[in-house]
Each structure stands twice: as C-alpha cells, then as structure tokens.
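Trainee: Structure provided below as structure tokens; questions to follow.
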Amino acid sequence: MKKATPVQINWKPDKNNPVPLYQQIVDYIYQKIFSGDWPVGTRLPSQRALAEQFDVNRSTITSALDELTAFGIIRSGHGAGTLVINNTWGLMLPEFQKWEKYVTSGSFMENNQTIQTINRMEFEENIIRLGTGELDPRIFPKDKWNQVLKNLTPQIQSLGYLGPLGLPELQEALARHLASCGIHTSPSNILVTSGALQALQLISVALLKTGSTVYTEAPSYMKSLQVFQSAGMRLSGVPMDEYGIQYWKLQNKTSLQSGHHSSILYTIPTNQNPTGITMEEGRRQELIDYCVSCQLPIIEDGAYLELCYAQEQPKTLKELDQSGMVIYLGTASKTLAPGLRIGWIVAPEPIVQRLGDVKMQMDYGASSISQWIFAEFLNSGLYGEYLQELKAILLHRRNCALKALQEHFSDLATWRIPKGGFYIWLTFKKELSVEMIFQEALKHRILLNPGDIYGFEKTNSLRLSFSYVTPEEFALAAETLAQVVRHGV
Ligand code: PMP
C-alpha cells in the first residue's frame, strides 16, 4: 500500500510559554486529532522533520510522541512512520487528564492557536505590540477621567441591578450622541451591552437559527471569532475592493435566496478591521438597496466610526436605511476604554426587547458603574473634546507609521492609507508564510497579528496597528520586521 504523505504543519511551540515544550507539542497534536483536522490514518512527519519544524531537540519529540502513544492515539510502525490510530478521547486519557473530556466537550469553540498565543503574549514585559487593536494606555485621558469621577460621586446613590435595556441616563446620552453621528433614534431603540462582542453573542443566540449563514467581508474581524460558528452558523466571506464589500458577489451564494435559514450580513463599513478600508458612500447605498431587494438584514459594526480623521464621517448604513433592516453596533472600547466593557445595539424595538431579555439571562446587565461613567463622559462634553484630541494623535501616528513603512517596506509590500481607525493592512509582494513571520518576529519581541486570523483563505498580509505603540516604537519594530522578512522566512 502506498504510504500517505505526512501532514503539513506550520506551527511552532512557544518558547516564551512556561508550559514545557514537549507538553505544548502533545497539546497541539491532541487538538489537531481531536478537532478532526487529522483523521485516523493521518501520517505525521518523521521525528527528524518534527524536531526541525518545532525547532526543538529530538528527545523532546520522542517524549511527546511517547506520551501520545501511551494514550493510544498514535502508533509508530516500522517503515510506516507515525500514524493517527484513534481519536476517541474516552479511551485514552489517564486519570489526571479526566478534565480534558470536559474541556473539549462544550459547544463554544476554542480560539485558534495563534490568537491564544497573542492573548497570552500581550501581557509579557518588553514586547512591542505591533498588531494590537487597542489604544496606547499612555494616551488615556487621565484628567478627563478624574473630572468625570469627581462629577459622578455625588450623583451615584447606589449601584443596584438595572433594567433590561441598561441605565436610562446612558440610553438617553447615547441617543443624543448617535444623532451627532447622523443616527436619529430614541432611547427605547438602544440596548446597552457588555461590549460590542456581547452584542454579537446576543444576536447569534437570539436572532439566528442553527444552520444560517453570516456573510461578511473577506477578510474580517468576524473570522477571528468563533461566536457564530459556535452557535452552529456558517461564515461566508465576500471579497472587498478599495470601495468596500463587493455585494454583487453575494448573488453567487446559493443559500441566500433559499429562505431555508435566516441569513444575515455583518459588515464593518467604516475603518474596517483588519483592512482599514472605509466603504465609499455610493457603495453603501447600493449595498442597502441590494440587501432590501433580497431581504437580507445587516449588522453594521460601527466600532471605529468615531475614529475618522476627517471632520466629516461617512453616512452610516443605519442612517441610509429606510426600512429598519440595519442593526447598528457601537462600543466605547476603541475610543475610550475597553475595560469599561460598554457597547450598544441600535435596532427596532422588538429586536432590542428580545435581546434585552436574553441579556438578562446572561449577565443581568452591563456594569452599572461603567454605564454611569460613560454617560457622564458623554453628557459633560468631555468625550467629544477628547475624541478630537485622540483623532489628532492617531492621525499623527498613522502618518509616522506610513513613513516608516515607506522607508523599510517599499520593495517588500504594498498597503493602503487608512482614513481612520488603527490599522494598516500590509500585503507582501512575494508569497510567504505570515505564520512564520509571526513566530520569527516573536523572537525579536515583536507581537504581530498575521492576516490569516482574519482571512477565509490563506493571506499574504499582516494587520499592523499604530494605536498601541509610539511612532518611535513603530519605526523600530518596522525596521526589525523588514529584516526578518528580508532574511527569508
Ligand atoms: N467589533 C470590532 C470591529 C472590533 O474590532 C472589536 C474589538 N476588536 C469589537 C467589535 C469588540 O469590541 P468590544 O467587545 O470591546 O466592544
């Protein structure tokens, strides 16, 4: 019988992780087998090839394979190489790993390995976070924050549970604030959530059926999450150009008109994560018309709407929508403080009521103190003032970042100029493994977000962020990164 080709692996254990290397390798192989990526019969590369790939000693590989063999999930045969022979967890785990069965049984899927590494590495000392989607703590508006807390102290008499839609003062403040963004709505159409992420979770469990399809830009922040997939939904990527999502390419997607399952479109039209693209106004109207014509509701994620550097923001889909088919999401995370965990949903009342009811069963409301704080930020005018200052800082950082890229990457990669937000989508001219660049950059203490996290197919891109680092840090990291790429990953 012909020997199967060994599986391709483009992962490495993390040498900065306190978990022993052999254990990381065991965990990785477990996960691959258990998730079904490596079915029974899969052949592993030779021990020598594994040692090279994982950049570890042969003895580390032997220990890892011995443990997996003892669990009965792989077998090394003479000449046949190492094969996956079992993927039934119950059979193989010794006493101390009984919890494994539970850990891998829940319906919510785990993050991919790269995202788990990023989430861990972000809190290491002396690491340059060149991919982080968060504001630099050094630009946190401490004076305004102190002022807000001072104003609030006499106002807050208690911190009890709140009603299903959130703190009325915040709903009202948000309605006024949204009007200044062109979204005219009333407080009863606003649900306060624990971040925009919870808004997505609520939608996934309360509005959509298992088996439905969520259409979204390719690439998209959505692809880095398991929220909809964990609720039994399929994500379908729709290509973009410089004007935004190419909605007409949805026409080829057969399930769309079948009416069998409820589908929805999720889009980040303004300062998109991860590409930085802002959908052009004409495209916005066309998208709405198209979605109306095929009865496809839209989730508009406005996480970066308030971070347009120009004075004028583009009209939101919510503003353009005449038929009530757009659910708008916002958050305080990208402009002020993700630790507040404050987001909001703007939607027709029946939707807001339904999601509010589910939210009561999930966490009984977003943090009351955070709601008071954000309401006071809005009502005092300090938020508006701060946004102007913040946008000037981000614009300066963007310009410096573009200069650094021009200096170090002009022969290596291409990129667009974002009109707002945090991100530059850097695409290499030569095909290479962005996962490998991620691993190599880590050795230089640079943390990146490889584009593959967001892509529906393999990408040749990185999502660089200029929000968390100073222009000097960005330039230094860009120079090192260019060397890593040049030295051929
Ligand atoms: N939407 C987008 C587009 C985002 O980039 C993020 C954060 N990365 C979120 C939603 C979630 O933000 P939060 O839950 O902190 O409000």
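The values are calculated or read from the model by the stated rules, or taken from the named source; none is laboratory data. The model shown is predicted, which means the values in this text are computed figures rather than measured ones. Note that we place each Cβ from the backbone using ideal geometry, even for glycine, and neighbour counts take in every protein chain shown. When the accessible area is computed, the model is the full protein with side chains, heavy atoms only, and any ligands, DNA or RNA have been set aside. Shrake-Rupley method; radii C 1.70, N 1.55, O 1.52, S 1.80 Å.
Trainee: Among (1) open to solvent by less than 10 Å² (accessible area, probe 1.4 Å); (2) of a type in the set (Val, Ile, Thr); (3) farther than 21 Å from Gln198 by Cβ, there is one condition Ile277 misses while meeting the rest; what is its number?
Mentor: (1)
Trainee: Just to be sure before I move on: is Leu159 assigned to a helix (DSSP H, G or I) and either in contact with a Ser or Thr (Cβ under 9 Å, 6 or more places away or on another chain) or within 16 Å of the ligand (Cβ to nearest atom) (or both) in the structure I sent?
Mentor: no
Trainee: Under 6 Å by Cβ, and 6 or more places apart or on different chains, what pairs join a residue from the range 37-53 that is under 10 Å from Leu83 (Cα atoms) and open to solvent by less than 70 Å² (accessible area, probe 1.4 Å) with one that is hydroxyl-bearing (Ser, Thr, Tyr) and not in a loop (DSSP other than H, G, I, E, B)?
Mentor: What qualifies is Leu44/Thr82.
Trainee: Shifting gears a bit: Considering only residues that are away from the ligand (no atom under 12 Å from the Cβ), without any contact (Cβ under 8 Å) to a residue 60 or more places away in the chain and not hydrophobic (A, V, I, L, M, F, W, C), which ones fall in the range 190-225?
Mentor: Ser204, Lys209, Thr210, Gly211, Ser212, Thr213
Trainee: With the requirement that a residue be among the acidic types (Asp, Glu) and not in a helix (DSSP H, G or I), what does the range 21-41 give you?
Mentor: If the condition is that a residue be among the acidic types (Asp, Glu) and not in a helix (DSSP H, G or I), then Asp37 is the only one that fits.
Trainee: Here's another thing I want to ask about it. Given the conditions (1) farther than 11 Å from Leu130 by Cα; (2) among the hydrophobic types (A, V, I, L, M, F, W, C); (3) open to solvent by 20 Å² or more (accessible area, probe 1.4 Å), and given that Phe409 satisfies all but one, which numbered condition is not satisfied?
Mentor: Evaluating Phe409 over (1) farther than 11 Å from Leu130 by Cα; (2) among the hydrophobic types (A, V, I, L, M, F, W, C); (3) open to solvent by 20 Å² or more (accessible area, probe 1.4 Å) leaves (3) as the failure.
Trainee: Is there a residue in the range 305-328 that is modelled with pLDDT of 95 or more, part of a loop (DSSP other than H, G, I, E, B), within 16 Å of the ligand (Cβ to nearest atom) and within 20 Å of Ala199 (Cβ to Cβ)?
Mentor: yes
Trainee: Which one is farthest from the chain's Cα centre (by Cα) among residues in the range 384-398 that are closer than 25 Å to Leu174 by Cα and not hydrophobic (A, V, I, L, M, F, W, C)?
Mentor: Out of the qualifying residues, it is Glu385.
Trainee: Could I ask something else about it? Return the residue satisfying two criteria in turn: it lies in the range 122-156 and is away from the ligand (no atom under 16 Å from the Cβ) and closer than 25 Å to Glu440 by Cβ, and of such residues it is most open to solvent (accessible area, probe 1.4 Å).
Mentor: Filtering first and then ranking leaves Phe123.
Trainee: From the list Gly488, Gly421, exactly one residue is at positive phi and open to solvent by 30 Å² or more (accessible area, probe 1.4 Å). Which is it?
Mentor: Working: Gly421 fails: open to solvent by 30 Å² or more (accessible area, probe 1.4 Å).
Testing whether each residue is at positive phi and open to solvent by 30 Å² or more (accessible area, probe 1.4 Å) leaves just Gly488.
Trainee: Please note which helices (runs of 4 or more DSSP H) are completely contained in the range 165-248 and include at least 2 residues that are open to solvent by 20 Å² or more (accessible area, probe 1.4 Å) and within 23 Å of Trp344 (Cβ to Cβ).
Mentor: 168-180, 195-206
Trainee: If you don't mind, there's one more thing I want to ask. Looking only at the range 332-369, count how many residues are open to solvent by 10 Å² or more (accessible area, probe 1.4 Å), more than 11 Å from the ligand (Cβ to nearest atom) and in a helix (DSSP H, G or I).
Mentor: Total satisfying the criteria: 12.
Trainee: Separate question: Identify the residue in the range 280-324 that is open to solvent by 30 Å² or more (accessible area, probe 1.4 Å) and among the acidic types (Asp, Glu) and, among all such residues, is nearest to Gly384 (Cα to Cα).
Mentor: Restricting to residues being open to solvent by 30 Å² or more (accessible area, probe 1.4 Å) and among the acidic types (Asp, Glu), the top hit is Glu312.
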